[in-house]
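Peer 1: Please see the structure below; I have some questions.
The values are calculated or read from the model by the stated rules, or taken from the named source; none is laboratory data. Since this is a predicted model, take the numbers as computed values, not measurements. We place every Cβ from the backbone using ideal geometry, glycine too, and count neighbours over all the protein chains shown. The accessibility values were calculated without ligands, DNA or RNA, using every heavy atom of the protein model including side chains. Shrake-Rupley method; radii C 1.70, N 1.55, O 1.52, S 1.80 Å.
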Amino acid sequence: MAALLWLLFGVALVLAEVLSGDFVLVMLGVAGLAAALTDVIGGSLLADGIVFAVTSLVGIFAVRPLLRSRLMSGHEHLSTNIQALKGVQAVVLSTVDEHDGRVRINGEVWSARAFEPTQRLEPGRQVIVMDISGATAIVWAEN
């Protein structure tokens, strides 16, 4: 009976890992499966607990870091939010100067200011997003 409980515990944790994706629950789930195997081959409840504890610790502190580094290697840093907009081209919708204006960035309309205070950018002009300040794009265009 204890083997069945360990088995259900292990499978439930492995399935729960699908939601978390952090490799902690899967390590505990594998430890539960190891404890179930220990019980099946005749281990006592104490032996099951020791196998569970040791397998959990080895999984979390040795195997998990290896898995995470292996899965993350080769992936470039993914720019998101404001960082993803820097360097993107935009189109001026209404005249942009040092105080105000509107641009379209990736299909969205943003308020904008000129990067160089002396620039006056007319509608239709292609510009580059240099920075984002609050909800305002700071844009620049070559003369």
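Peer 1: Working from Cα positions, state the angle (0 to 90°, nearest 10) between the long axis of helix 24-40 and the longest principal axis of the chain.
Peer 2: So the helix axis and the longest Cα principal axis differ by about 10 degrees.
Peer 1: Please report, as a whole percent, how much of the solvent-accessible surface of the chain comes from carbon and sulfur atoms (probe radius 1.4 Å).
Peer 2: Using a 1.4 Å probe with all protein chains present, the chain comes out at 65 percent carbon and sulfur.
Peer 1: So for the chain, taking the charge dipole from beta-carbon charges (+1 Lys/Arg, -1 Asp/Glu), which of VAL18, ALA84, GLN126 sits furthest toward the positive end?
Peer 2: VAL18
Peer 1: Just to confirm a number: summing +1 for Lys and Arg and -1 for Asp and Glu over residues other than GLY10 whose beta-carbon lies under 15 angstrom from that of GLY10, what do you get?
Peer 2: It works out to a net charge of -3.
Peer 1: Rounded to the nearest whole Å², what accessible area per residue is found for the chain with the 1.4 Å probe?
Peer 2: Ligands and nucleic acids excluded, the result is 64 Å² per residue.
Peer 1: Using a cut-off of 11 Å between beta-carbons, work out the net charge of the residues near ILE132 (Lys and Arg +1, Asp and Glu -1, ILE132 not included).
Peer 2: Value of the local net charge: +1.
Peer 1: Roughly how big is the chain's charge dipole about its Cα centre, with Cβ charges of +1 (Lys, Arg) and -1 (Asp, Glu), in debye to the nearest 20?
Peer 2: The dipole of the chain has a size of about 140 debye.
Peer 1: Okay, helix-only estimate at 222 nm for the chain: each DSSP H run of n ≥ 4 adds -39500 (n - 2.57), divide by all residues, round to 500 deg cm²/dmol; what do you get?
Peer 2: Rounded to the nearest 500, it is -14000 deg cm²/dmol.
Peer 1: Using Cα atoms only, what is the angle between the long axis of helix 2-20 and the major principal axis of the chain, expressed in degrees (0 to 90) to the nearest 10?
Peer 2: 0 degrees
Peer 1: Assuming a ≥ b ≥ c are the square roots of the Cα gyration tensor eigenvalues, decide whether region 96-139 counts as rounded (a/c under 1.5), prolate (otherwise, with a/b larger than b/c) or oblate.
Peer 2: Oblate, since a/c reaches 1.5 and b/c is not below a/b.
Peer 1: Kirkwood Rh over alpha-carbon pairs of the chain, then Stokes-Einstein at 20 °C and 1.002 mPa s: what D in µm² s⁻¹, rounded to an integer?
Peer 2: 111 µm²/s
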